[in-house]
1. Across the stretch B:25-37, what is the total count of residues that are touching a residue at least 60 places away in the same chain (Cβ under 8 Å) and either more than 10 Å from chain A (Cβ to nearest Cβ) or touching a Leu at 6+ places or on another chain (Cβ under 6 Å) (or both)?
2. How many residues are open to solvent by 40 Å² or more (accessible area, probe 1.4 Å) and not basic (Lys, Arg) if we restrict to the stretch A:378-389?
3. Which members of the stretch B:46-69 meet the condition of being touching a strand residue (DSSP E or B) at 6+ places or on another chain (Cβ under 6 Å) and either more than 8 Å from every other protein chain (Cβ to nearest Cβ) or open to solvent by less than 50 Å² (accessible area, probe 1.4 Å) (or both)?
4. Being surrounded by fewer than 19 Cβ atoms within 10 Å (Cβ to Cβ) and either within 16 Å of the ligand (Cβ to nearest atom) or part of a helix (DSSP H, G or I) (or both) is the filter here; which residues of the stretch A:125-135 pass it?
5. I'd like the full set of residues that are away from chain A (no Cβ under 14 Å) and open to solvent by 60 Å² or more (accessible area, probe 1.4 Å), limited to the stretch B:70-80.
6. Does A:Phe334 satisfy the condition of being away from the ligand (no atom under 16 Å from the Cβ) and out of contact with any Lys or Arg (no Cβ under 6 Å at 6 or more places or on another chain)?
7. Of (1) in a helix (DSSP H, G or I); (2) surrounded by 14 or more Cβ atoms within 10 Å (Cβ to Cβ); (3) free of Cβ contacts under 8 Å to residues at least 12 places away in the same chain, B:Val10 satisfies all except one. Which?
8. Select the helices (runs of 4 or more DSSP H) contained entirely in the stretch A:219-317, then report the ones holding at least 3 residues which are among the polar types (S, T, N, Q).
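The values are calculated or read from the model by the stated rules, or taken from the named source; none is laboratory data. Keep in mind that what you see is a predicted model, and the values were worked out from it rather than measured. Here the Cβ positions follow ideal geometry from the backbone for every residue, glycine too, while neighbour counts run over all protein chains shown. SASA here: full protein model, heavy atoms, side chains in, ligands and nucleic acids out. Shrake-Rupley method; radii C 1.70, N 1.55, O 1.52, S 1.80 Å.
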Amino acid sequence: MATQAALSLGWFGLAGLWLLAAPLLGVINAPACLGSASDPRLLALTHAWVLGFLGSATFGGIYQLLSVAVGEELAWPRLAWIHGALHAVGVPVMVAAFLRGNFSWVAAGGSLVAVGALLASLNMAVTIGRARTKDAVAWAFGFSAFWLSATVIAGFLLAVNRAHPVLPGNSETWLKVHAHLGVVGFYLTLLQGAAFRLLPMFTLGDVKNWMRVASGLGHTQAGLIGLIFAIAEDIPVARIVFGATIAMGLAMSASEAWSVIRSRRKRVIDTGVRAFLSGAGALAVAIVLGLMLAAWPDAGDGFSVSGAVAYGFVAIVGALALAVGGMMLKIVPFLVWMRRYGPVIGKEPVPLASKLPSPLLERAWFELHLLGLVLVLLGLARSEAPWLYAGWATIVAASVASLLNHGRIAGHLWRKNRTLGGNAV
Amino acid sequence: MIAEDTIRNVLTEILDPEYGISIVELGMVSHIDVQGGEVRVGLTLTTPSCPAGNVILEGVRTAVAALPGVETTDVYLQWDPPWTPDRLTAAARRLLGWET
Ligand code: HEM
């Protein structure tokens, strides 16, 4: 358990670095947000978020939560460390290569990331396979592991394809397939499961209707398979139908999550849970944008270019970053507490896990991040770079607040228990 | 023989790390059995997937074993009947923000 906490804390440390680096890349490359969705600078920015911050934080969460979620020890903890090393090296190489427009190096860095992700998928699949009972949460973890593998293989092929064409057909089609596999398949599927372990734990609420959780998951999985087919075959009506199926699945999960919140016994909804819920709100906006793009693919350059960037931005920096950042606010203090104070429980008084963070810094992160999102969206809607600069700079400020908060929490790892006259662990 | 109340008292000092409420007030201590110097404590976690479960279990074991007169300690998890909110004491409800 202790080494698992160290493993996850390592991943969260990596996530912290990217939480700052990713919006800084946004400030530096703000005008690129007004160009084509496959501008290499935009691709660098996208992957700094999806693999750098979100990826690191999510794997940190998976390696901690999977075993408690399915009631089975992680199959190969050592493999998870190897995955961490591959990811830590591969992502910066990939992002730097995207910035330089050098797709051979994107493929090189991407191959490290992809091998790491394939190892993670295998580790997850075997762990889940060994679990005695498999509920909707276990299935969600399993499905997301599958989509993760598909995403990184497609990403690697796309990178190779830019340097030496290997993929049949239109590369824009493959790009859309890859992006949806990653965002909907890996991230949203995972959140559809993890939410029903985490929300009850942090609010003392309970899941009333497991059928609705399973049905929500079933709808997104069926919708995603259909959507991939519709994108690949370029059938606009099918894109809308399957997009709506995914939306329906997510709505079912959201309504059950809301009923968990309503049944909570802890009255105050803290910032971590509020950020998670705001992520769900941002997701609803992304879905509306996505369906509009699918319904009016030729609505004029202004909408189809900025609309596509806004869609990706709201989904990734809005929905996913808020949900994952919110979960980090809850999980990191807990891991630090378990590692630093767990061994002395029952022997001496210890501070509470919930008292390790600073509520002020937590709120600063959340509110500045929201403000930054609004400013960037204004910039995209008006096609004006100054708003984009202001928005990304605000998100940098949010990240600084978050890092100060997490630094303060991590500081406990080295702190002596002053209340007891310095009993070090 | 050590009194059940003595055990319960020492357990009120072990707080759930998330809610800051003692495991006794949260209704997580489902069973205490004292036979001479042998003490058995049954705990029910608020959720089976609580990652702090082992840490709390170990803490209870340490705290009980340190009491004078305790010779052996057996602390175990009990899932049946599962934890329900009805087990929260009035003090816990107040601390969770529902009653003043
Ligand atoms: C969970 C992991 C991943 C997610 C969520 C993800 C997501 C995305 C998204 C949203 C885009 C579109 C960006 C835009 O249009 O601005 C994209 C493009 C791309 N991704 Fe990923 N990605 C992931 C992993 C990878 C990996 C491991 C590689 C490996 C090299 C990769 C390579 C690429 C390439 C080359 C493109 C651009 C394709 C083109 O324009 O031809 N991705 N990805």
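1. Step one: filter the stretch B:25-37 for residues touching a residue at least 60 places away in the same chain (Cβ under 8 Å), giving B:25-27.
When the remaining residues are screened for being either more than 10 Å from chain A (Cβ to nearest Cβ) or touching a Leu at 6+ places or on another chain (Cβ under 6 Å) (or both), the result is B:25, B:27.
Result for the stretch B:25-37: 2.
2. Start the filter on the stretch A:378-389 by keeping residues that are open to solvent by 40 Å² or more (accessible area, probe 1.4 Å), which leaves A:378, A:381-384, A:386-387, A:389.
Filter once more, so that each one left must be not basic (Lys, Arg): A:378, A:381, A:383-384, A:386-387, A:389.
So the count comes out to 7.
3. Just the residues of the stretch B:46-69 that are touching a strand residue (DSSP E or B) at 6+ places or on another chain (Cβ under 6 Å), to begin with: B:57, B:60-61, B:64-65.
Answer for the stretch B:46-69, where residues must be touching a strand residue (DSSP E or B) at 6+ places or on another chain (Cβ under 6 Å) and either more than 8 Å from every other protein chain (Cβ to nearest Cβ) or open to solvent by less than 50 Å² (accessible area, probe 1.4 Å) (or both): B:Leu57, B:Val60, B:Val64, B:Ala65.
4. Within the stretch A:125-135, A:Ala125, A:Val126, A:Gly129, A:Arg130 qualify.
5. Hits for the stretch B:70-80 are B:Glu71, B:Thr72, B:Asp74, B:Asp80.
6. Values: away from the ligand (no atom under 16 Å from the Cβ): yes; out of contact with any Lys or Arg (no Cβ under 6 Å at 6 or more places or on another chain): yes.
Answer is yes for this residue.
7. Status for B:Val10: all satisfied but (3).
8. Working: elements: A:236-262, A:271-295, A:301-313.
Qualifying helices (runs of 4 or more DSSP H): A:236-262.
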